[in-house]
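This report refers to the structure that appears directly beneath it.
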Amino acid sequence: MSDLYDGVFERRAGDDGRPRISRRTPFPSTIPCPTTGRQLRIATVDVNAAAICPSCASQGAGGFVSFEGDLRMAYACPECRQFVWLAGL
């Protein structure tokens with residue numbers, strides 16, 4: 001399941017039994033754009049971010065990735081196991 005979140009995150013059980021996201025070490029410096037396949041350089045990685053998944057609407061401790069030169073972000077949902085891409089503003 002290393003490609004579940006394009007190799008950036010791993011899904012693990014938290015102390016409370018709910019799934020959580022942790023950063024893989026090492027993680028890739030780029031991941032492919034889901035629409036073009038172009039490699040996007042990772043700028044920041046944030047783990048255990050309290051958020052509501054835009055895909056399944058569950059609240060969890062997921063992870064966010066931002067990219068250099070691209071306004072989009074990606075959210076790794078521990079509940080639905082999706083890597084959800086979010087449009088930039």
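Considering region 15-40, and only residues there that are charged (D, E, K, R) and exposed (fewer than 12 other Cβ atoms within 10 Å of the Cβ), the residue that is modelled with the highest pLDDT turns out to be Arg38. Within region 37-53, being in a loop (DSSP other than H, G, I, E, B) and touching a residue at least 12 places away in the same chain (Cβ under 8 Å) holds for one residue alone: Cys53. Scanning region 59-74 for residues that are over 16 Å from Tyr5 (Cα atoms), assigned to a strand (DSSP E or B) and either in contact with an Asp or Glu (Cβ under 7 Å, 6 or more places away or on another chain) or touching a residue at least 12 places away in the same chain (Cβ under 8 Å) (or both) yields Asp70, Leu71.
Of all residues in region 41-57, those satisfying the criterion of being touching an Asp or Glu at 6+ places or on another chain (Cβ under 8 Å) and either more than 18 Å from Arg18 (Cα to Cα) or exposed (fewer than 15 other Cβ atoms within 10 Å of the Cβ) (or both) are Arg41, Ile42, Ala43, Cys56. All conditions in (1) assigned to a strand (DSSP E or B); (2) closer than 14 Å to Met73 by Cα hold for Pro34, with the sole exception of (1). So the check is Cβ under 6 Å with 6+ separation or different chains; which pairs have a first residue in region 1-21 that's part of a loop (DSSP other than H, G, I, E, B) and a second one that's at pLDDT below 90? The qualifying pairs are Val8/Phe27. Every listed requirement among (1) of a type in the set (A, V, I, L, M, F, W, C); (2) under 16 Å from Gly7 (Cβ atoms); (3) not in a strand (DSSP E or B) is met by Cys56 save one, (2).
What about Arg12, is it surrounded by 15 or more Cβ atoms within 10 Å (Cβ to Cβ), modelled with pLDDT under 95 and among the charged types (D, E, K, R)? Judged against the criteria, Arg12 is not a match.
The values are calculated or read from the model by the stated rules, or taken from the named source; none is laboratory data. On a predicted model such as this, the values are computed, not experimentally measured, just so you know. Note: ideal-geometry Cβ built from the backbone for every residue, glycine included; neighbour counts use all protein chains shown.
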